[in-house]
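Undergrad: Got a structure here, written out as structure tokens. Questions coming.
The values are calculated or read from the model by the stated rules, or taken from the named source; none is laboratory data. None of the values given here were measured: they were computed from a predicted structure. FYI the Cβ positions are ideal-geometry reconstructions off the backbone, even for glycines, and counts take in every protein chain you see. Calculation scope for accessible area: heavy atoms of the full protein, side chains included, ligands and nucleic acids excluded. Shrake-Rupley method; radii C 1.70, N 1.55, O 1.52, S 1.80 Å.
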Amino acid sequence: DNINDAITIILSNTFNCLNVAILLWRIQCKANNKDESLLPLNLILDNKIDEVNLNGIKLSNKQVVMLASAMKKNVSVKKLHMNESDITDEGVLALSEMLKVNNTLIELKLNGNNITDNGAEYLINALKVNNVLCRLFLSNNYSFSSNMAYRLYNQIRQYKQKGTNGFQQVKNMWINSY
């Protein structure tokens, strides 16, 4: 209960301490022999939080699917950082479905994960309908082919900026895929 109180205090005082709150939650799970495979979505998606940083936290496909499902309804998180989190194409599929309906998220960082060309195709399809996301980071996903990295970086960014080739326009679209 002291940890729950600490989490509440941290979240009520500053939005930049979400990582500390998640760390405390994980400690609590270990101390109580609880399953920590389910992220504390109530903490992550609190309507006061505008940035979620899960960098370096290894996420299962189940966790990413749950997070993406919750993000479909979230109206406060503008930045979602999931660098080096072991995200695979299955997780990217869930994130892509979320991007099709989420009207708040402007930045998504997926650097250094296990995303292949298939996962990139899921994101491309989501970008056709999403008109909010401005920054997409996909560097160091070494399973991308060079053709896919080029396609993401040059073609998709160009389509988004101009609103051509079936893509919703986002004038300031920026993609980092190298």
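Undergrad: For Ile9, only one of the following conditions fails: (1) at pLDDT 55 or above; (2) out of contact with any helix residue (DSSP H, G or I) (no Cβ under 7 Å at 6 or more places or on another chain). What is its number?
TA: (1)
Undergrad: Could I ask something else about it? Among the listed residues Leu80, Leu59, Leu67, identify the single one that is of a type outside the set (Asp, Glu), open to solvent by less than 30 Å² (accessible area, probe 1.4 Å), in contact with a helix residue (DSSP H, G or I) (Cβ under 8 Å, 6 or more places away or on another chain) and in a strand (DSSP E or B). So that I can check it myself, show each step before the final result.
TA: Values: Leu59 fails: in a strand (DSSP E or B); Leu67 fails: in a strand (DSSP E or B).
After applying the criteria, what remains is Leu80.
Undergrad: Which count do you get for residues in the stretch 141-178 that are open to solvent by less than 80 Å² (accessible area, probe 1.4 Å) and out of contact with any helix residue (DSSP H, G or I) (no Cβ under 7 Å at 6 or more places or on another chain)?
TA: Keep residues of the stretch 141-178 that are open to solvent by less than 80 Å² (accessible area, probe 1.4 Å), which gives 141, 143-145, 148-149, 151-157, 159-161, 163-164, 166-167, 170, 173, 175-177.
Next cut, out of contact with any helix residue (DSSP H, G or I) (no Cβ under 7 Å at 6 or more places or on another chain) only: 141, 143, 149, 151, 153-155, 157, 159, 161, 163-164, 176.
Number of matching residues: 13.
Undergrad: Still on this structure: Tell me, which residue of the stretch 85-137 that is acidic (Asp, Glu) and within 18 Å of Ile57 (Cβ to Cβ) is most open to solvent (accessible area, probe 1.4 Å)?
TA: Filtering the stretch 85-137 down to residues acidic (Asp, Glu) leaves 86, 89-90, 97, 107, 117, 121.
Filter once more, so that each one left must be within 18 Å of Ile57 (Cβ to Cβ): 86, 90, 107.
Working: Asp86: 69, Glu90: 105, Glu107: 14 Å².
So, considering only residues that are acidic (Asp, Glu) and within 18 Å of Ile57 (Cβ to Cβ), the one most open to solvent (accessible area, probe 1.4 Å) is Glu90.
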